[in-house]
Each structure stands twice: as structure tokens, then as C-alpha cells.
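Asker: Dropping a structure here in C-alpha cells format, bear with me for questions.
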Amino acid sequence: MPKWTEDTIRAVVNEQGVTSRTQLFHEYPRAYGAARKRYPGLLDDLLPVKVRTPSKWTEETIRALVDEQGITSRTQLDREHPGAYAAARLRYPDLLDDLFPKNITEWTEDTIRAVVNEQGVTSRKQLFHEYPGAYDAARKRYPDLLDEVLPRNLPPHKWTEDAVRSVVAEEGLTSRAELRRKHPGAYGAARKRYPDLLDKLFPKNITEWTEDTIRALVDEHGVTSRKQLQREHSGAYYAARKRYPDLLDELLPVKVRTPSKWTEETIRALVDEQGITSRKQLQREHSGAYEAAHTRYPDLLDELLPVKGRTPSKWTEETIRALVDEQGITSRKQLQREHSGAYEAAHTRYPDLLDELLPVKGRTPSKWTEETIRALVDEQGITSRKQLQREHSGAYEAAHTRYPDLLDDLLRRSKWTEDTIRAVVDEQGITSRTQLQRESLGAYAAARLRYPDLLDELLPVKVRTPSKWTEETIRALVDEQGITSRGQLDREHPGAYEAAHTRYPDLLDELLPVKVRTPSKWTEETICALVDKQGITSRGQLQREHPSAYQAALKRYPDLLDELLPVKVRTPSKWTEETIRAVVDEQGITSRKQLQREHSGAYQTALKRYPDLLDELLPKKNVAIWTEGAIRALVDEQGVTSRGQLQRENPSAYQTALKRYPDLLDELLPAKVRTPSKWTEETIRALVDEQGITSRKQLQREHPGAYKAAIQRYPDLLDDLLRRSKWTEDTIRAVVDEQGITSRKQLDREHPGAYGAALKRYPGLLDDLFPETTLSPNKWTEDTIRALFDEQGITSRGQLQREHSGAYAAALKRYPDLLDEFLPGKIRTPYKWTEETIRALVDEQDITSRGQLDREHPGAYAAACLRYPDLLDDLLRRSKWTEDTIRAVVDEQGITSRTQLQRANPGAYAAARSRYSDLLDELLPKKNAAIWTEGDIRALVDEHGITSRGQLYRVNPRAHQAAIENFPALLDELLRRSKWTEDTICALVDKQGITSRGQLQREHSGAYEAARKRYPDLLDELLPLKKTVNTPAS
């Protein structure tokens, strides 16, 4: 490197053709720094600062540009000529208003007043949304006008001083944190508007942090790092940091970090070996290497993986030196405060420069070197890392962070040697490998990995006793229970499936054969061709883009994957047992959830590779370990009689038994073999004939099993034996005669069920009962419609339909040529959706539901709905909800109101409402609130065993409404609202010795809520609030 004198700088500038200070700074930063620092006049002589030429965008050039190119809006000018737009916007804002005037009102004080008054604007928010220009002008130029026209008349906040006091008193809140958690609005109001109120309600017990109190705190609480002190006792940390910095260095010295494995050479090698082509790829695949390069060697990133279009940083070693010298900067903090860019560059790229220019004061080198740690371990006979950490935490931290190999050399990591594993097996009486794995997972893993012969010697694999699942029992099970697939067998009898799968595979093929699959298109040749053709470079890409090819290669041709897409060798994880221990200790992590949230990598590593470490450092609280013995005891003690009961009451025990001890479930709670139902078609017929059953309801009430079997297996049998509808020909005639019904429309309106039955089953009956409706001539004949056209001057079909719907309907149905003659309108092309085209569409595209047809071909669906409704019923059966299934649902579930049916089975309710309205009238007749008498409500409560007002509302909301409006005393008599009266609350407090409102709320929330809402004076009498007294600071 040349010595930068005045002559050498001149020579470089002249020889290299340097034309500006910026070029000299980027190409020769040291020459630039020397010239700027030692020869400032030389820079003015060689490279004088150029006076900027005026911008080409003047007012005239912008006008000419707009005129020549016909630019019509600011957006177009910004898009096509951003330089001209920026110049006009910054230097000539009036020019933009002149060239492209906005279509806005000139917002003066008068126009704003007029808009507010005329348009009825009542708030600033409304003015902002509807007239943003007016709002902006008023806010910037006439702020007093806004206060006058739209004053901030905020409604009184619900959290007043008294409201906050009452909430704290009623709920027995004892801290600001509790108030903030339960009532954030009250806390925010108190903090912003009544800060003294918080101090009165929750006085702070502020400790005076002296040197002695901080020492005592660190010793008593076992604080091991500054971060832990700051997190747990921020007041003490800040007092120590501001007033006693030497105390922090003495109690909690800053640890020296060991050099990272990621040096400049290892990062270069990694990028070259793995062919990394971008910073994002490096960050994704090797985040540690990326972080090291990003923070310590940014120039290396620029060299290996340059970012396109990024100019080099102006802060080089020379410019930072010059800055520190010129401005007399004396500390790192001053440099960071005044020139953050220079500080960041020095901190990340030239840390030695910071140590040279602005050294950190007062840090002495650590006494713990490799030699001193070896001597300590030898002299004191330390035998484990935990002992070293407990007795000499400083030495342990130094060894852990700077010499990790030293710990592996001196103190072998695992406690599980051959002798300790033998001892554990002998002492604890372990008799199987499974028991060893369950009770001492670390010992099992060590024995399995390092001493496999030891396992064979201590715990040889036992020959299993013959399973109850033999070939004969599996055959019998499949035949008796009608199992039709392997999945069903695995789901219902996992033990039998496992035995068949492992010991009798031919039996499975015989009983439950797998459907023959067509050969896969993915052969070795097609996978090779796919990878070559599409340039696939990794297994992840192959799995993402062609999952079926990846699965075929993984299962059938694993060597092909290794040949085409070899797995890259992963660098060892930084998370070892020691580093995880250190993180947990240093940061004071107290739960697995906290570790997962703050260090997910460490948590995943511990979970996968060191599970016993998690149990040791962060044991689970109150987790029941379901062993075989525990599950047996649970079943015996609680009298569990079925798998369903076990799953309902103890889901974790059930899941453990299902996964780990399936034979135990078969032994304790064997699945019952279903006997074939006694209710066949013949037995149901015989029952109806013998007992003279005349209705479905009677059959369901007297023989629910027979009714359910008939509904599920023989629905046509019920139609044959017990006719469905009450509307027979005779009942329809009787209704028409008794009620004096004179037209079909009246019959449809008053008895839609009867009208529907007559229309579907007895069409001749309607003609017989109402002959005049079919014989009366329609008033809209061809002549009357022609006369209407001439008289009223109708000009479109829409107008005719709107003003004379009857004439339009008659013309459309009977005289379509008349419409084409008078109102030709647009000539429609013949409709493509005919019955044949809809059938072809459904068959070709394999449409299976009306919803799918509506979604994919709305035109075809609309045509089918309007012109061929029977076609839809033929092609796509509408719904599973028939009259019988709706009856069965209502009867089985004990549904007593339409609202309950709609809430429980909306599909059944919709089908009944649209297709079987008379069924709803029959099963769930409407009752108005006025119809509910006191006797009806009493009977309803007795029949359904209703015990609360909420249950009454759920079962029959109309009865509940009638009782509230007409018989409130009846509700108090039948359904006493709450067991918590004044006397029961007094007795509870006396009996259980409750001493505070918080205790009452925690242990008996119902009593607390009743007392708080209905008897507040009782709380003040029994459990008065304690007055908090401000204690003087010690």
C-alpha cells in the first residue's frame, strides 16, 4: 500500500483519471481520508466541489412537456416522467394546480360552514370520509373553525373515577396488573386521566435500591445474568446500572464469547461446495453462516453473493477514522448517537477499529483459560459438568462458551455408562426393554446406541405369549360384525388388525382384499426423464412440484433418489445438550412453552434428541403417566364398563391405552359383538297386524326398536303398512265443507297440506270440489291484451309485466306470438339448455349434486329449475330428508318446537318447511305466546322435567316468553332462579371460613356473582374491603 502523501495523491488522481471526490472515496478510500484529514486544500485544488447545474425541469420545460405529449393528469405525468412530476411537486406546486386543476371546491371558511350545515355533517369523522378536501383545509388553515362547527363533544367515558373505584372494590382487585388483565379499559382510563387514583388504590411498595439491597437480591434469588436481573427486577437493574456500575461488573460480569465456527474461510468453502447462489438461499439453508457473514464480514457477502444495484457503503475504515478525529468523538455511545451509520459499519465490519479508536474502559481479561480450568478440575476432583457449574459457574461458562471441546475431554457428557445402566436395571427391578425406555429414557437410548450387546444380556427379547387373535378368531370377528374393509378392522379392533397384518397377511388378502390398483405411471425411467427435463435440483422441489413422483421414488426406488438428488450433508446443529442447558440457565427459562417461544430451534432439538434433558430441566407439571398398571387401576376404581366411557371420562388414558397397550383394552373392555337385530320385515309386519297399530307415532311409542329398524332399513314398509298423510280424500272433503272453502287459492292458503295432498294424489277431487275455477274464462284474451296495448301505449315487456302482471302472464303462456308482434324487443337465440343438453352435461362432467351444478353451470341449473323441475329430481335426488326421516328425527331427539328443529337439524327444517308444510303443522304446531295458559306451562315443565329458566327457553321459547310476560310469579314458583339467597351465602361464608372476596370468587363463583349483583350490602357486611395503607419506603 503506498504511503499517501500529497505527491502520491496527485499522481493517483492524474494517472487514474479520477474526476470527483465520490470516485476517489469509493476507489481509494485511504487516499481520500488522508487528503481530507491532512491536505484539505489539495482536494479543493484537484477536485473542486462542483456547483450543481440547475435542473432541466423548469416551469417552462414542464409546461412544454405537458402540451407536446398531451398529458391530461398528474398520475400520467408521474408515470411517464417522474423527474418532471417530482420537480413540479417540490418546486412549483401552483404549476400542477394550474395545469391539472382538481375538481374540488375552493374550501374557504364559508364553504366549509355551508357544507356542514346543508349536508347535516355531525362529526369530524363524517366530514373526513365524505369531504376529505374540506376536512384537510379546515384542519390546516382553520383549526378554530373545526372546534366551533364540530366541537369534540365526547360522550362521558363510562370509566369515571367512581366507576374504577367501584370495580376495584367489588371484585377485590389487589394490583395494577390484575386490574389491567380483567378490565383493560378501566386501567387505561385510570392511567391516562386519573394517575393519582392508581397510586391511591394500589400504592407501590418501592424499595430503595442501595448497594447492599442489590447484593442481597442477587444472592437470595440466585440471579446469574444481567438479563435475568433486568427481566425480574428492572428497578434494581437500572439503579445498579446508573449508580453502581462497578457492582454489576463484580456481581454479574459480562461473559466473553468464544469465536464462532463461521470464519471467512468456512463461509467461502460452504458457498463453493454447496453451490449457493443467493443470500436468501444461504440464509434459508445455513442461517448461522449467514448471520456471521452479515454481522462480521459484510464485504465477504458483497464479494461472494453481490446484491444487484447496491452501491458500496461510504463508511470505510479511513472515513470512520477521519470522522472520529475531526469531530473529537470520545466514546462509542457518542459515535452511535451522532453518526449511527458510521457506528454500525464499524461495529459490524471493523470491530478492531473500534477497539483501537474507542477502547472499552475497565474490562480485565478473564482469569479462566484452558490451563486454569484443567488445573481446577484436577485439584478439586470435579466429576461432572453439573458439579463444575454449581461450584465454579465462571469456569463453567468460560469452558462452555470458549472451550467446548475441553468439557468433552475432561467431563464426558453422558452419565449413562455400562456400569450405571446395569445398576439402574438391578436396583429398579426393570424386566423389559419397554419398561426401561419408559422409566429411564436416557439409559435406554445410551444402551441402544453404545452398548447393544448389554441390552441383549440384561433384557433379552422375550418370546411373546400367543395372542388371542388367531386365524380362526379373526375370521369369526369379521363374519359376525360384518367388517368390510381393512380400515374398519384397524379402527374398531386394532389388536386384531395388527395380528392379521403381521402374522397372517394372506388372511387379510382372503377376507378383505385390497382393490387392484392400476400400475403407476411413475417408473424409474419416467422419474429420470422428469428430473432431467424440468431441471429439478433437490428432493424438496421434486416433492413440492410432483408429489406422486416423489412418493413413488421414495417407496420403490430409494437408490434412484440418492443417485439423482443426493442429500446434502448437514452441518452439525449448534444446539447440543450443553448449549441448551446454558440457554435455560442464563435466561431463566421456567417452562417448555417459554423455551419453545423464545428458542424454537433449541426446543425442537431437545424434544427430538434429548427428551430426558427436558424432563430434567423443565419437568411437566401435574402430568399423569398412564402406565399399564395405572390404566388397570383407573378402570377398577371408577367402574368403567366400556371404551366409550373411558374415552369420555379420561381421554388421555384412553389414547395411551389405544396407542401403547391395545391388547389391554381388548382384555379389560372387550368390544361387544353385536347380535343380529330381531326386527326383520316379517317380524315388523306381524307386530303391526297382531297389536292393531294404526299410526307411526303409536309404533314408535310402543316399540321404538321396531320403528327405528323400519325407518333405517325398510322405509317402504312403513309406507305400505301405515299410510303417511292424514289428508285422505274424505278428510279433504270434510275440511272444505265444514269451513266453507270456495276456491283452490283459499284451500292452499289455509291448509297447504290438504291442497298439496289433493294436487298430488287426488287431482280429480279438486275439479270436483271447485269446478268454477277451472271453467271460468280468463279475462285476458287476445283482444283484451291488444286493447290494453293500444290504450296505455305500452312499449316494453318489462313495463307490461310491471303494470299488468296478469296480462303479461296470459300473453306469455297462451299468445307468445302476440308479444312478438307488439313488443318484439331483442330477438333471443334459441336457448341451448334443453332437457337433452342438461342430461348430457350431467353425464359427461359427472355432476353429483345440485350445488355442484349451480356452482359450475348456473345457466343449466336455472333452466332445469324453471322449466324441468322433474328432471332435477330424476338426475340429482334432492335431499335425504323425506317425510319419514324428518318424523324419525323429531321423535328420536324429542324435538318440541320448530326453533329447536331448526337449530338442531337445519337441513330437516328447511326440507319440511319447503316441501312438507303440513308435516310441520302436524308434528310441531305453532303456538302464540297468548295461547300459553298457566296450565299449559305447568304441563310442559312437568313433561320435560325442566329445572331452569334457560332450559325452558331452549325447549320452548314461546312458552318462556308467555311466562315472563303473563305469569312471572309462576316462573318463581316452578323454577326458582338461584340457590344462592342471602341466607345460603351467609351460611357458606361461616361454614367454610371464607375471609376475603377473592377467596369467595375463586372457590364459589356462583355465590360471589349472586352476592355482587343482588346483595352488595351483604358483601360489605360479611367481607369488607381492606383499606390499603401506604407504607413508608424502607
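Asker: Could you tell me how many of the residues in segment 1-37 are more than 17 Å from T316 (Cβ to Cβ) and surrounded by fewer than 18 Cβ atoms within 10 Å (Cβ to Cβ)?
Answerer: The total comes to 12.
Asker: Out of all the residues in segment 318-351, which are among the aromatic types (F, W, Y), closer than 27 Å to K3 by Cβ and without any contact (Cβ under 8 Å) to a residue 12 or more places away in the chain?
Answerer: Matches in segment 318-351: none.
Asker: So which residues in segment 650-672 are β-branched (V, I, T) and loosely packed, with under 15 Cβ neighbours inside 10 Å, if there are any at all?
Answerer: Across segment 650-672, there are no qualifying residues.
Asker: Between a first residue in segment 1-16 that is under 12 Å from R30 (Cβ atoms) and of a type in the set (A, V, I, L, M) and a second residue that is at pLDDT below 90 and in a helix (DSSP H, G or I), which pairs have beta carbons less than 6 Å apart while being 6 or more apart in sequence or on different chains?
Answerer: I9/A31; I9/A35; V12/A31
Asker: In this structure, is R321 of a type in the set (K, R), modelled with pLDDT of 85 or more, in contact with a helix residue (DSSP H, G or I) (Cβ under 9 Å, 6 or more places away or on another chain) and not assigned by TED's automatic domain parsing to the domain that holds A34?
Answerer: Yes, satisfied.
Asker: Continuing with this model, one more query. Looking for whichever is farther than 30 Å from V567 by Cβ and not in a helix (DSSP H, G or I) here; the options are T277, T224. Which one fits?
Answerer: Just one listed residue meets the conditions, T224.
Asker: Could you grab me the full set of residues in segment 373-432 that are of a type in the set (A, V, I, L, M) and assigned to a loop (DSSP other than H, G, I, E, B)?
Answerer: I382, L411, I430
Asker: Select from segment 176-215 the residues that are farther than 18 Å from S166 by Cβ, surrounded by 12 or more Cβ atoms within 10 Å (Cβ to Cβ) and not charged (D, E, K, R) and list them in ascending order.
Answerer: Of everything in segment 176-215, those that are farther than 18 Å from S166 by Cβ, surrounded by 12 or more Cβ atoms within 10 Å (Cβ to Cβ) and not charged (D, E, K, R) turn out to be P203, T207, W209, T210, T213, I214.
Asker: List pairs: first residue in segment 986-1001 and not assigned by TED's automatic domain parsing to the domain that holds E171, second residue aromatic (F, W, Y) and assigned to a helix (DSSP H, G or I) anywhere in the structure, Cβ distance under 6 angstrom, at least six positions apart or on different chains.
Answerer: L1000/Y1008; Q1001/Y1008
Asker: How about segment 392-446: which of its residues are among the acidic types (D, E) and either buried (at least 18 other Cβ atoms within 10 Å of the Cβ) or in contact (Cβ under 8 Å) with a residue 12 or more places away in the chain (or both)?
Answerer: Of everything in segment 392-446, those that are among the acidic types (D, E) and either buried (at least 18 other Cβ atoms within 10 Å of the Cβ) or in contact (Cβ under 8 Å) with a residue 12 or more places away in the chain (or both) turn out to be E397, E418.
Asker: Can you name the residue in segment 1-51 that is outside any helix (DSSP H, G or I) and small (G, A, S) and is also nearest to the chain's Cα centre (by Cα) among such residues?
Answerer: S20
Asker: Any chance you could count how many residues in segment 265-293 are acidic (D, E) and surrounded by fewer than 13 Cβ atoms within 10 Å (Cβ to Cβ)?
Answerer: The number of residues fulfilling the criteria is 3.
Asker: Could you tell me how many of the residues in segment 470-513 are assigned to a loop (DSSP other than H, G, I, E, B) and touching a helix residue (DSSP H, G or I) at 6+ places or on another chain (Cβ under 7 Å)?
Answerer: 4
The values are calculated or read from the model by the stated rules, or taken from the named source; none is laboratory data. On a predicted model such as this, the values are computed, not experimentally measured, just so you know. Note that we place each Cβ from the backbone using ideal geometry, even for glycine, and neighbour counts take in every protein chain shown.
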